[in-house]
Amino acid sequence: MPPLPTMTHSSSFLLPSSSPPAPPTGADAENAVSYAVVVLNQRLPRFAPLLWTRARLRVCADGGANRVFDGMPDLLPGEDPDEVRVRYKPDAIEGDMDSVRPEVKEYYSSLGTQIIDDSPDQDTTDLNKCISFITRNPPGPDNSNLFILVLGALGGRFDHEMGNINVLHRFSNTRIILLSDDSSIFLLPKTHSHEIHIERSVEGPHCGLIPMGAPSSSSTTTGLRWNLDNTSMNFGGLLSTSNIVEEEIVTVTSDSDLIWTISLRKHT
Amino acid sequence: ASPLGSRAKMRICADGGANRIFDEMSQMTNDLDRNRYIPEIVEGDMDSIRPEVKRFYSSQGSKISDKSHNQETTDLHKCISSIRHRTPDHEKANLCVLVTGALGGRFDHEAANINVLYVFSDMRIVLLSDDCLIQLLPKTHHHEIYIESSVEGPHCGIFPIGAPSTSTTTTGLKWNLSDAEMRFGSMISTSNIVDSDKVTVQSDADLLWTISLRNLT
C-alpha cells in the first residue's frame, strides 16, 4: 500500500503580529496561506483582534455580529469604540437573523456588510452555512491554501458544539480550525499522515487525540509524552487526553479521522 | 449548584472543585457560612486544590482521598469509581450522579469527562453546565425522557459520538428520527426541539442526549 500523503499543520496565525509568521512549510511555500475568520455567537476570545487583522475575509454567523460589535472595543480598550467598530467590520453576516440585534445589523449594513438572510434549516448549522459561503466566495484565487479560523465554536450549548465539530467532518477537505480561549481543535483526516508544527510560545503543552464518531483500531504518534503505537482508541475505552507535547513536531497517522486538540497559553 | 447540593446524599469535590465551592458557593447563595457546604469527600490527585482549602475541609470533617499515585485516570473517573464503591448494591439502581464543571474549558478534559459516561455506562451520570445537560443513552435500552419544561428545553440534540448509528428512532421531538442513520461526517441531530412532555429514543448505538437549561433567576 502506498504511503499516505502528508498534511502539515501550524498555528503560526496565533503568533503576535510583532513577530513574523513562521515561513510556510512544504507545499505551502509556493502559495501563501490565506485566512478567513468566522465569528459565532459566543464571547470573543482574547486573540480575536489579531486573527481578524490577519484574515482576508470575515463572516459573522447571526449573533456573532453582536459579539464583534460589543466585544472588539472591549478587547481594544485604549482605542475609540466607534473607530474600532468601523475597522472591525465583517464582510458578511449570515444566518436566520433571529439573534443579531436590529441596530447592529443596520449599522454594519450601512457600512457595506453583506447581509445574507437564511431561513432556519434542520440539516445545516450557522457554521455550516458560513463555511459554504466562504468556499463559494474564497478571498484568494482558490481554496487550496485557505484556512478558516472559527471563533466561538466551543463551550456554550453542547448541541451547537457537536454541530460545529461535525462541520469539520463534513468539510474534511477544507482546513477549518475551531478556537476558544482555552483550546484549538481541528480534524486529522485518515487519508493523510499528519505533521503538526507546535508553536510553543502560544500553545501547549496539554493536548489530545479524540476519535469522534467512530473508533480507531490503530493510531501511531511521535512527539508526545505518551505516544500511541498502533494503539486502538474509542469512547468507552482509551482516548488520548491530558497528553503532553514534547517535541516541536508531532506526527499522527490513524485508520480513523481524529480530532486533534491543544491547549492555548493564557497570554496568547 | 446550591439546589443540587442540598438534595444530594453525597457530595464529592474533584481536586480543584473544592476551591470552587470554597470561593463561589457562598457568593451564589448569599450565605457567608462555608460550614453549610462541606463536601463529604475531596478526591483526586490534589495538584489543583489550594492547601488552605484542603485544610479547611479536612478540619470540617471531609475525607481527603489522595489518589495522586494513580495518573492513569482523570479526577472525575476517580470520583465516579469512589461513588460506585461506596454505594450499596441495593441503592445502585436508584443512584444518579450529578456532575458540575465537566463541560467547557479545555477540550481534552471535556472529551475525557464525556468518556466517563461511556466507561461507567451502567451508572446514571448527568453532566451539567449553565447552558445544558448531557446524558448517555445506552443502546441496550429503550429510553423515555421526561421533560421538565420549567427548567429545561426546548433545544436538544442526539449524537453518536462513539460509533455511527444505522438505526435510531425517536418520538416527542420536532424533527423525529425514524429508523435513521446518524454519523459524524453526515447527519447528527443538533438544534432539535422538544415537542412533548416525553421524548423516547431507541437506537443500535450508544447516544449522547443533550438538552438546554433555562436561565433560572
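Every number in this text was worked out from the coordinates using simple rules, so none of it is lab data. Predicted model, so just to flag it, every value in this text is computed and none were measured. Cβ sites come from the backbone with ideal geometry, for glycine too, and all protein chains shown count toward neighbours.
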For chain A, the longest principal axis of the Cα atoms and the Cα long axis of helix A:126-136 enclose an angle in degrees, to the nearest 10, of 90 degrees
Quick calc: nm separation of the 7 Å Cα→Cβ label points for A:Thr220 and B:Asp33 -> 6.4 nm
By Cβ neighbour count within 10 Å, fewest first, B:Lys9, B:Lys78 rank B:Lys9, B:Lys78
Semi-axes (Å, rounded, descending) of the ellipsoid equivalent to chain A per its C-alpha gyration tensor are 32, 20, 17
Expected vector for the stretch A:139-155, Karplus 3J(HN,Hα) from phi with 6.51, -1.76, 1.60 and θ = phi - 60°, integer Hz, x for Gly and Pro, equals x, x, x, 7, 9, 5, 10, 8, 10, 9, 9, 10, 9, x, 8, 10, x
For chain A, the longest principal axis of the Cα atoms and the Cα long axis of helix A:64-75 enclose an angle in degrees, to the nearest 10, of 90 degrees
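If you place +1 on the Cβ of every Lys and Arg and -1 on the Cβ of every Asp and Glu, how big does the dipole about the Cα centre of the stretch B:130-217 come out, in debye to the nearest 20? Please report the intermediate quantities before stating the final value.
On the way: 5 positive and 11 negative charges, 25 e Å.
Here the stretch B:130-217 has a charge dipole of around 120 debye.
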Most exposed to least, judged by fewest other Cβ atoms within 10 Å, B:His141, B:His155 sort to B:His141, B:His155
Exposure-ranked with fewest Cβ neighbours within 10 Å first, B:Tyr118, B:Tyr146, A:Tyr35 stand as B:Tyr146, B:Tyr118, A:Tyr35
Counting sequence-distant residues (5 or more places) and residues on other chains, those with an amide H built under 5 Å from that of B:Ser189 are B:Ile158
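Could you give the size of the charge dipole of chain B about its Cα centre, using +1 on the Cβ of each K and R and -1 on the Cβ of each D and E, expressed in debye and rounded to the nearest 20?
460 debye
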To the nearest 10 degrees, the tilt of helix A:158-170 (Cα long axis) against the first principal axis of the alpha carbons of chain A is 70 degrees
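Which GluC sites (Glu not before Pro) in the stretch B:115-214 pass both tests, a DSSP loop state and at most 16 other beta-carbon atoms within 10 Å? Don't skip to the answer; put the middle values down first.
Working: sites: B:Glu144, B:Glu148, B:Glu152, B:Glu181; in loops: B:Glu148.
For GluC sites (Glu not before Pro) across the stretch B:115-214 that sit outside H, G, I, E and B with at most 16 neighbouring Cβ atoms in 10 Å, the list reads B:Glu148.
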Charge dipole of chain A built from unit charges on the beta carbon (Lys, Arg +1; Asp, Glu -1), centred at mean Cα; most positive-end Cα among A:Asn164, A:His197, A:Val37 is A:His197
Here D for the protein assembly as shown, in µm²/s, from Stokes-Einstein with a Kirkwood Rh over Cα pairs at 25 °C and 0.890 mPa s, works out to 103 µm²/s
With +1 at each Lys and Arg Cβ and -1 at each Asp and Glu Cβ, the charge dipole magnitude of the stretch A:227-268 around its Cα centre, to the nearest 20 debye, comes out at 300 debye
For B:Ile49, the residues 5 or more places away or on another chain with a placed amide H closer than 5 Å to its own amide H are B:Gly16
Given Cβ charges of +1 for Lys and Arg and -1 for Asp and Glu, the option among B:Thr210, B:Leu98, A:Pro2 whose Cα lies farthest towards the positive end of the dipole of the protein assembly as shown is B:Leu98
Placing +1 on each Lys and Arg Cβ and -1 on each Asp and Glu Cβ in the stretch B:1-93, then taking the dipole about the Cα centre, the residue among B:Ser26, B:Met10, B:Met46 whose Cα reaches farthest towards the positive end is B:Met10
Candidates B:Leu95, B:Leu32, B:Leu173; GNM for chain B (alpha-carbon contacts under 10 Å) flags as most fluctuating B:Leu32
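With the cut-off at 23 Å, tell me which of the pairs A:Lys190/B:Lys78; A:Lys129/A:Lys266; A:Lys105/A:Lys129; A:Lys129/A:Lys190; B:Lys92/B:Lys174 have Cα atoms farther apart than that.
Result: A:Lys190/B:Lys78; A:Lys129/A:Lys266; A:Lys129/A:Lys190; B:Lys92/B:Lys174 exceed 23 Å.
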In a Gaussian network model of chain A with springs linking alpha carbons closer than 10 Å, the residue among A:Met162, A:Met233, A:Met72 that fluctuates most is A:Met162
